[in-house]
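For reference, the structure discussed in these notes is given below.
The values are calculated or read from the model by the stated rules, or taken from the named source; none is laboratory data. Here the structure is a predicted model, which means the values were calculated and not measured. Positions of Cβ are generated from backbone atoms using ideal geometry, with glycine treated the same way; all protein chains shown enter the neighbour counts. Side chains included, ligands, DNA and RNA excluded: accessible areas come from the protein's heavy atoms. Shrake-Rupley method; radii C 1.70, N 1.55, O 1.52, S 1.80 Å.
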Amino acid sequence: MHIGIAGAGLLGRLLAWQLSRSGHTVDVFDPAQGPGPSAESGSLAAGWTAAGMLSPVAELECADARVFAWGLRSCELWPGIVQCLGEPVALQLQGSLLLAHRSDAGAADRVLSLLQSKAEAAYRPQALDAVRVAELEPSVHGPSLAWLLPGEGQIHCVQAMQALAAQATRQGTQWHWGRMVESLQAGALDVRGNGTHVCERLHFDHVFDVRGTGARPQLPVRGVRGEVFWLQAPGVRLNRALRLLHPRHAVYIVPRPDDIIVVGASEIESEDRSPVSVRSTLELLSAAHSVIPALAEARVVHSESNLRPALPDNLPLLSQERGITRINGLYRHGWLIAPAVVEQALAEVLS
Ligand SMILES: Cc1cc2nc3c(=O)[nH]c(=O)nc-3n(C[C@H](O)[C@H](O)[C@H](O)COP(=O)(O)OP(=O)(O)OC[C@H]3O[C@@H](n4cnc5c(N)ncnc54)[C@H](O)[C@@H]3O)c2cc1C
């Protein structure tokens, strides 16, 4: 089949990789200037900024059973995908830790009982005592309540975005950078170059709309601002992602290679893409420091803000019609669920 994809973010890259791997002819259109993380076009894919937490259980706090099932399936799929990419992508699935300070025990109780009631027995949070926490994560000092979430993990999003595009290119995918898709119909994309008014209709056997926040007005999608920090912390050993139960934020602390620790993320109902605010800096970094005191000497080497594509119910949309598939609203679960969503979408398109 000849496939047209509108959007080269997380979903666009996964689709291009999977479809070109299966021998289809794939053309991808995106206003970005190239395959790297550049915000020049004003629409940097959310996929670049994400911390890459793969948390089917912890996300049940704000997700439904479908996101949970897609999340579990994606945790099975990611190792095989990463293995096929031909360049290193850091991926870890040895569980994550959920932590809370004694003063936040009320908020922790509420979240814990929600997770216990929504997760299947095998995935329920397992309470840990201080000795076990010290064995698993010797750098953690401070929170007195801790649980292990088995099977959770994290992926290095920047490496994965780059490796997916590179492998799809080797498989024959054509990328059309600086090209914006204005609208889609079954089997057709209306495409124009950045800064021009001339719109061209291109025909395909099937098209995918995976433009994230760029899918308006066809979809009622909005952007939810999130801010993250990259800290360089030599000597701070962290084996798995941590999530601090906090009354105001979903604070997570995610290890990456080369002594980098990603701290995120704020969640603000705004489409403001301006740099990280002082308030978020104080709140997120204080929270991280309260979990790993040794982060006091870490260096802030990068900070970034971006928009999560979300639909009014904050749940994902997968809509399939003859000649056109739309996927959107992956919100804060994109890395968690994208492989399974793509698997389901392609099973129908290619059947
Ligand atoms: C701060 C932050 C932290 C996050 N943390 C996590 C996490 O820990 N775990 C997790 O699972 N998820 C996380 N996410 C969410 C995840 O990144 C998103 O759900 C995911 O990237 C959505 O994928 P997507 O392909 O739909 O959209 P995107 O990755 O945003 O890609 C959309 C693409 O469409 C392109 N586009 C826009 N308009 C057009 C147009 N008109 N024509 C053609 N192309 C267009 C854009 O340039 C972009 O490349 C986080 C997100 C943010 C912002």
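Roughly to the nearest percent, how much of the accessible area of the chain is carbon and sulfur, given a 1.4 Å probe? Please report the intermediate quantities before stating the final value.
Numbers: 7590 of 14370 Å².
In the chain, the share of accessible area belonging to carbon and sulfur is 53 percent.
Okay, helix-only estimate at 222 nm for the chain: each DSSP H run of n ≥ 4 adds -39500 (n - 2.57), divide by all residues, round to 500 deg cm²/dmol; what do you get?
-9000 deg cm²/dmol
Return, for the Cα atoms of region 77-141, the radius of gyration and Dmax in Å, separated by a comma.
So, for region 77-141, Rg and Dmax equal 16.0, 47 Å respectively.
What longest region of the chain stays clear of trypsin sites (Lys or Arg not before Pro) that DSSP places outside H, G, I, E and B and that have at most 13 other Cβ atoms within 10 Å? Working shown, then result.
Values: sites that count: Arg237, Arg248, Arg322.
Within the chain, the longest run free of exposed trypsin sites (Lys or Arg not before Pro) spans 1-236.
Taking the Cα atoms only, what angle lies between the long axis of helix 10-21 and the longest principal axis of the chain, rounded to 10 degrees?
60 degrees
For helix 105-118, report the angle its Cα long axis makes with the longest principal axis of the Cα atoms of the chain; keep it between 0 and 90° and round to the nearest 10°.
50 degrees
Return one number: the angle in degrees, 0 to 90 and rounded to the nearest 10, between the long axis of the Cα atoms of helix 278-291 and the longest principal axis of the Cα atoms of the chain.
That helix lies at roughly 50 degrees to the long axis.
Got a sec? Charge dipole of region 147-260, +1 on Cβ for Lys and Arg, -1 for Asp and Glu; which of Gly187, Phe204, Pro217 is way out at the positive end?
With unit charges placed on the Cβ atoms, the residue in question is Pro217.
Compute the semi-axes of the equivalent ellipsoid of region 167-239, taking the square root of 5 times each eigenvalue of the Cα gyration tensor, and list them largest first in whole Å. Mind dumping the intermediate values first?
Details: eigenvalues 238, 69, 35 Å².
Value: 34, 19, 13 Å, ordered largest first.
Using a 1.4 angstrom probe on the protein heavy atoms only, could you order Thr196, Thr173, Thr25 from most to least accessible area? It would help to have the intermediate numbers written out before the result.
Numbers: Thr196 55, Thr173 5, Thr25 75 Å².
Result, largest first: Thr25, Thr196, Thr173.
Let me know the charge dipole size of the chain about its Cα centre in debye, to the nearest 20, where only the beta-carbon of Lys, Arg (+1) and Asp, Glu (-1) is charged. Walk me through the numbers on the way to the answer.
Working: 29 positive and 34 negative charges, 5 e Å.
Roughly 20 debye, rounded to the nearest 20.
Let me know the charge dipole size of region 196-280 about its Cα centre in debye, to the nearest 20, where only the beta-carbon of Lys, Arg (+1) and Asp, Glu (-1) is charged. Numbers along the way, then the final one.
Values: 12 positive and 10 negative charges, 63 e Å.
Computed charge dipole of region 196-280: roughly 300 debye.
Which whole-number percent of Cα pairs in region 1-84 have a distance greater than 16 Å?
Details: 2218 of 3486 pairs.
When all Cα pairs of region 1-84 are counted, 64 percent exceed 16 Å.
Sort Tyr252, Tyr123 by heavy-atom solvent-accessible area, probe 1.4 angstrom, most to least.
Result of the area sort, largest leading: Tyr123, Tyr252.
Cα-Cα pairs above 14 Å in region 106-175: how many percent? It would help to have the intermediate numbers written out before the result.
On the way: 1749 of 2415 pairs.
Cα-Cα pairs of region 106-175 separated by over 14 Å account for 72 percent.
Computed from the mean reciprocal separation of all distinct C-alpha pairs, what Kirkwood hydrodynamic radius does region 239-343 have, in Å?
Details: mean 1/r = 0.0625 Å⁻¹.
That comes to 16.0 Å for region 239-343.
Counting C-alpha atoms alone, how compact is the chain: give Rg to one decimal and Dmax as a whole number, in angstrom.
Spelled out, the Cα radius of gyration and Dmax of the chain are 20.1, 65 Å.
So with the 1.4 Å probe, I'd like the accessible area per residue for the chain, rounded to whole Å². Write down the numbers at each step before the final one.
On the way: 14370 Å² over 351 residues.
Ligands and nucleic acids excluded, the figure is 41 Å² per residue.
To one decimal place, what Kirkwood hydrodynamic radius in Å is obtained for region 242-284 from all pairs of distinct Cα atoms?
Values: mean 1/r = 0.0854 Å⁻¹.
Hydrodynamic radius (Kirkwood, Cα pairs) of region 242-284 is 11.7 Å.
Please give the solvent-accessible surface of Glu182 in Å², to the nearest 10, using a probe radius of 1.4 Å with every protein chain present.
It works out to around 80 Å².
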